[in-house]
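Let me begin by presenting the structure, written as structure tokens, before commenting on it.
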Amino acid sequence: MNRRFGVTWTVAVVTATLVVISGCAKASNADPETKTFEFSGDTLNVKANDVPTDLATSDRSDVEVTRWFSTGAGASGANATWTLSDDGTLHLTAECSGLANCDAKFRVEVPQHVKVLRDGRETDLKGDG
């Protein structure tokens, strides 16, 4: 066996073993967390950073975000954040570093009168205000 093939094979086996040991994270198995943001603007820009995010209008005066964030074993580099900036941008992130295994999804409920952008682009979600 050539030495280069042997090293490549060893790395592949070790990586596969770590993935199996750490388990597969699934957002659908995570307990939901909810955070409410006061919001008085007319337009909300949701920047989800490639995390699956459902957007919905609701009979409310604030913005409510629910997140499901699941991490497998060894996910010490996993982090999920949600912040609303003064310019009306809702920043949602979920990250894993190294060999960490994580999965996330968000649901954002906005007042019916609010126009919603996704990453700065128009959406069909307009509300009836």
| note | Env charge @ Lys35, Cβ radius under 13 Å, K,R +1 / D,E -1, value -3
| query | Glu33 versus Arg121, label points 7 Å from Cα toward the beta carbon: distance in nm? | reply | 2.9 nm
| said: Through the Karplus equation 6.51 cos²θ - 1.76 cosθ + 1.60, θ set to phi - 60°, convert the phi angles of the stretch 116-124 into ³J(HN,Hα) values in whole Hz; use x for Gly and Pro. | reply: 10, 10, 10, 6, x, 9, 4, 10, 7
| said: Starting from the 7 Å offset along Cα-to-Cβ, what nm value, one decimal, do you get for the label separation of Ser40 and His91? | reply: 2.3 nm
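Each reported figure results from applying straightforward, stated rules to the coordinates on display, with no laboratory input. This is a predicted model, so every value here is computed, not measured. All Cβ positions, even for glycine, are placed from backbone atoms using ideal geometry, and neighbour counts span all protein chains on display.
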